[in-house]
Protein chains: 4
Amino acid sequence: MTLKFALLGAGRIGKVHARAVSGNPDADLGFVADASGDAAKAISEQYGCRVSTIDEIAADPAVDAVIICTPTNTHADLIETFARAGKAIFCEKPVDLDVARAEACLKVVRETGAKLMLGFQRRYDPHFSAVRKAIADGRIGEVEMIQIISRDPGAPPMDYIKSSGGIFRDMTIHDFDMARFLLGEEPVTVYATASVLTDKAIEGVDFDSASVTLTTASGKHCTISNSRRATYGYDQRVEVHGSKGTISVENQRPVTIELATGAGFTRPALHDFFMTRYVEAYAAEIAAFVSVVKDGASPSPSGEDGLRALILADAAFRSVKQGVVVTL
Amino acid sequence: MTLKFALLGAGRIGKVHARAVSGNPDADLGFVADASGDAAKAISEQYGCRVSTIDEIAADPAVDAVIICTPTNTHADLIETFARAGKAIFCEKPVDLDVARAEACLKVVRETGAKLMLGFQRRYDPHFSAVRKAIADGRIGEVEMIQIISRDPGAPPMDYIKSSGGIFRDMTIHDFDMARFLLGEEPVTVYATASVLTDKAIEGVDFDSASVTLTTASGKHCTISNSRRATYGYDQRVEVHGSKGTISVENQRPVTIELATGAGFTRPALHDFFMTRYVEAYAAEIAAFVSVVKDGASPSPSGEDGLRALILADAAFRSVKQGVVVTL
Amino acid sequence: MTLKFALLGAGRIGKVHARAVSGNPDADLGFVADASGDAAKAISEQYGCRVSTIDEIAADPAVDAVIICTPTNTHADLIETFARAGKAIFCEKPVDLDVARAEACLKVVRETGAKLMLGFQRRYDPHFSAVRKAIADGRIGEVEMIQIISRDPGAPPMDYIKSSGGIFRDMTIHDFDMARFLLGEEPVTVYATASVLTDKAIEGVDFDSASVTLTTASGKHCTISNSRRATYGYDQRVEVHGSKGTISVENQRPVTIELATGAGFTRPALHDFFMTRYVEAYAAEIAAFVSVVKDGASPSPSGEDGLRALILADAAFRSVKQGVVVTL
Amino acid sequence: MTLKFALLGAGRIGKVHARAVSGNPDADLGFVADASGDAAKAISEQYGCRVSTIDEIAADPAVDAVIICTPTNTHADLIETFARAGKAIFCEKPVDLDVARAEACLKVVRETGAKLMLGFQRRYDPHFSAVRKAIADGRIGEVEMIQIISRDPGAPPMDYIKSSGGIFRDMTIHDFDMARFLLGEEPVTVYATASVLTDKAIEGVDFDSASVTLTTASGKHCTISNSRRATYGYDQRVEVHGSKGTISVENQRPVTIELATGAGFTRPALHDFFMTRYVEAYAAEIAAFVSVVKDGASPSPSGEDGLRALILADAAFRSVKQGVVVTL
């Protein structure tokens, strides 16, 4: 049985998912909807699917699953609509920038019994998932301390920053999910400090440099270091220190050559950003969602995972603003 | 304009090319032919193309290009057939195991004006092609000495070895092409030594371990080291030493994590073989062929490139058997 | 002119400095004193110097400089004695575990005009000092965020832990000095969390796992991660992220070979501890002290540097105990 | 018992050995002799030893061992002199540039029963000796193929080149010794090609670029690649491929930092030459010689090892000049 998919939102990340769906042998991209007719039409032509509307898609019994890639402030409404319509839902993070709204939405999901999976694609990156597997296999013993370094090549446009919910809800939220994915225990305290170092224009609107420390009840620590600027490319590292050893993920670059001259030994810069860095993760994420719909696997990350990451982001903002350690 | 392709041979490498053609926006896989109806049918169902025959494909004016993935001993005949039929031809290496037969075939190609590109996919690997670009950009000055290390994870089945033409025509031939691709000058002497070290069953049939040295008229050297067994995966390295510096390609592994314990720091093994190591190269190779057909780009590697690699392989066998340095 | 040195304390670190002095062309080890006659005698025989006493050394006009490697609780008294005796003083860290006592001692140093250099040897490690030089040379632009990872192979004996002043005054203090060395600005807030994860016997006495975040007035951050156990050796890393780039120090291992097998690619474990890891640093540190005495160079680190690191350690303990962010 | 050493030849490498002897607890540098009184005097002052003559040293019963660092053309005579005088002898390579003269000298050594160790210091480099140990421990199974890459940062002065015996006797000879050290079997064929690529002034006098292949009776291969110019420093690599795995030595650099910027990830150049690259090897080599003299250990490398490397060098020259594969 091939699952029939509808894509809601045909922007940058929508295109990524359209490709992943069309390349998956168990899925078929049947419909696309977008506020911009042109964007929808482009997807429609490339993948041979029909341009449609939210309402039609919700009403069409042929649709098994939807992929929500619309603006953040529409996520919660759309999740509720499609949960009630009995569709399986893959939604880009976050459910909502507001914790109360997200909780209300997840209540609807629970009540309708809808399948909801969130788009923290890093869980499906082959390197990060190999780290998780190594931990599960006992290769490093008990997890003790985690270091996450996550630096973007450059800050997004000011318009995006203004509506993004801020660095912790927009950027660090992926690291909060990774921390929870690897810690095996919920954080109970959050300390964060943040500043504007890369671009003074951001001052007063958001931060571009942040350090966060999480601790758990059993005394594990996780440190997250974020910057919105890395001259050498998209820096995505994780290191987990355990009782028997330490495991780490090396950064990825598109070309792995090395040039040796009198100036030293030089390897090329890293991937330019997430679209190229996480190609395999996006495909594996959709494959996992197909398995959720088809085989009844548990969604990972779930809506609840999304909520918990958001709560950590809120706590981080409170820590910065009040200069305190926040206990959850 | 989308080019209509026919695939001849639906085995392991045929499947790789079918996927590459179907993923290329300028190409459409219209036909497939294979001695085994089942293999052809599988491709037909996966990509929605028609099962056909050599004769029908050659006769069909809708077909722009063919991809030849049939057994080696059919290559020369098929190239001639499709050259005469006016089709563009992509053929897996080699044209033929016999130099005279290959030369006769290439004569037909020249006379018919057919476009012929050979399948030495390593030229399209992003890492090796970055090395070639760095050389062309003058990053290492004049090329002086090249080291190629190429080790397979394990020997192919004895049946394959018996019909493969031997290690130099089967395995080293890729390294001969790489040597020519990077040297920028034709080899004029060939020295080779070969032995059986990995599996005594190969003794008398072929070799499994070989070292080859090529020199050019201006005194450049290229050393090739081959083994049919590497316990740690598919080892594919090149290093080019020049007057201003040295450039090298690092080995590729599917997962780049590192585990540190009392036993040391361990990274996972390399790719298991060419099917996973050269995924990007196979796609880029077909894209280049599409550009040859569509835009009139020169085929690289050409039939002539294939012939020259074969001549080097023959010289290597002579060097081993007679214990001499062969001058071309 | 060759400087005449006296060594006070002939234990483990005393031996390291004895070797460094005797290998320095501008220094001569003339005297050694130790509570244990045997330890002093061993040094005396190896380097041809005289066994003496504190009082004799202080009174002897032939002595230019002393190296204090006695137990921590004697440092402040000895520094005062030799400052008053007009000797140049190299003292292992810390001046004292108590800030008030350290301040009183440094007052004597100032009043007597004595030259005092402290033993934070990492400043003289060729790798860390190359990082500092790269920053000074503008290679990474403005310093923004620093990560320090410092993990010991194993915890010291319980007796040592009890009298060490605790993890922040004993172990992290080196990282506090490194942070100040590289930040180029004084920390103004300290957040620390600590727990016991490696050995439950430490519970209630000290901590073995700690994460610390420092911030400066201009919004720079420094994160320090400590563990008293690393199965893979002595882990000593620093990474400085700046506006133009990032610079990092790789870990050091005594043997840099790599073994590739079916189990992957394995490099040996790191140095076993500071005695082997910092061999070059100890020699360079004494050379720098010789230059302080002989050429009037400013001591780095100074007594003041030691005091500031100690104040950060005190703040870290307060942060952990009270669960607050400490402002300096 | 401390051994009394005499140093013959106080030039660059003589100074290295003087330092190694004086740093060895079981050895004492008692005498130095050099054609240049100034050079001898400098050593004498630095290490407190007596300036003497060859004849006095040979006649002095207090001398246990001599270190010969004089010009190559004096080695054989000096070895014979001190063998007859009953001294243990450490001699820089080679015994002589002429095989017959070397054989005659070694005959005297055998007849007198003198202890003779040759200065191929790479055997004592911790990295290369760890490779040999790993092989001995069975970590890679049976040795099959060896790659040695050895590139000098720059060519020596033309005067040195003229009297050096040529690239194979001067530079490759170290690689021949390393090949024998690791192969565990004697080479039976030698193929070499050489050219002048780095400096046309060398044309007609010597070569600066060479590739050599050795094979053994059981079919093992060793490839050596030499260049007299590497812009990025002193390149010294070995890789041994075996039935169970491959082991390799990484290049060494004095500072192991990495700078990441928009231009990529850059590590510093390698050591500038053997004086800094092989510091540990020179010390370990003298320690091994002390053990030969004191404890009766077998010298490694022996005079015979030196002779065999020289025979390989001669064969390489013959291979190049006659364009043939030389069988030994």
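Observations
- Close Lys pairs in chain D, defined as Cα atoms under 14 Å apart and 8 or more places apart or on different chains, number 7.
- Cα-centred dipole magnitude for the protein assembly as shown, charges only on beta-carbon of K, R (+1) and D, E (-1), debye, nearest 20: 0
- The modelled label-to-label distance between B:E111 and D:R12, using points 7 Å beyond Cα along the C-beta direction, is 6.5 nm.
- Averaged over the residues of peptide A:236-244, the number of Cβ atoms from other protein chains lying within 10 Å of each residue's Cβ is 4.
- Ranked A:F128, B:F90, criterion: other C-beta atoms within 10 Å, fewest first: A:F128, B:F90
- Shielding score for D:192-205, defined as the mean number of other chain Cβ atoms within 10 Å: 3
- The ranking of A:I202, C:I148 from fewest to most other beta carbons within 10 Å of each one's beta carbon is A:I202, C:I148.
- Paramagnetic reach from A:F273 (point 7 Å along Cα→Cβ, amide N under 18 Å) across the stretch D:251-268: D:262
- Rounded to the nearest 10 degrees, the inclination of helix A:99-112 to the longest alpha-carbon principal axis of chain A is 40 degrees.
- Footprinting exposure proxy for C:L118, D:L3 (fewest neighbouring C-beta atoms within 10 Å first): D:L3, C:L118
- Inter-copy spacing of D:E185 label points, which lie 7 Å from Cα along Cα→Cβ, given in nm from shortest upward: 3.4, 5.6, 6.5
- For A:V99, the label point sits 7 Å beyond Cα toward Cβ; its separations from the matching points on the remaining copies run 3.4, 7.8, 8.5 nm, from shortest to longest.
- Rounded to 10°, Cα long-axis angle of helix D:126-136 versus longest principal axis of chain D: 70
- Order by protection proxy (mean Cβ within 10 Å, highest first), peptides C:31-38, A:219-226: A:219-226, C:31-38
- DSSP bridge orientation in the protein assembly as shown - percent antiparallel, rounded to nearest 5: 60
- The label-point distance for D:K294 and A:S218, in a model that sets each label 7 Å from Cα toward Cβ, rounds to 5.2 nm.
- Most mobile of B:T256, B:T215, B:T231 in a GNM of chain B (Cα contacts under 10 Å): B:T256
- Calculated from backbone phi, Karplus (6.51, -1.76, 1.60) coupling profile of the stretch C:277-287 in Hz, x at Gly/Pro: 5, 10, 3, 5, 5, 5, 5, 5, 5, 5, 4
- Average beta-carbon neighbours from other chains, 10 Å sphere, peptide D:217-225: 5
- For a label point 7 Å along the Cα-to-beta-carbon line of B:E56, residues of the stretch B:1-42 with backbone N under 12 Å: B:31-34, B:41
- Couplings 3J(HN,Hα) for the stretch C:247-253, derived from phi with the Karplus relation 6.51 cos²θ - 1.76 cosθ + 1.60 (θ = phi - 60°), are 10, 9, 9, 7, 5, 10, 10 Hz, where x marks Gly and Pro.
- By the helix-only formula, in which each DSSP H run with n ≥ 4 contributes -39500 (n - 2.57) and the sum is divided by residues, the protein assembly as shown has a 222 nm mean residue ellipticity of -11500 deg cm²/dmol.
- Relative to the longest principal axis of the Cα atoms of chain B, helix B:37-47 runs at roughly 90 degrees.
- The two copies A and B are related by a rotation, and the chain A beta carbon nearest its axis, with distance in whole angstrom, is A:G23, 4.
- Placing a label point 7 Å from Cα along the Cα-to-Cβ direction at B:R237 gives distances to the equivalent points in the other copies of 0.5, 2.3, 2.4 nm, listed shortest first.
Since every read-out is calculated from the coordinates, none of them should be taken as a lab result. Small disclaimer: the values here were computed from a predicted structure and weren't measured. With ideal geometry, Cβ positions are generated from the backbone for all residues, glycine too; neighbour counts draw on all protein chains shown.
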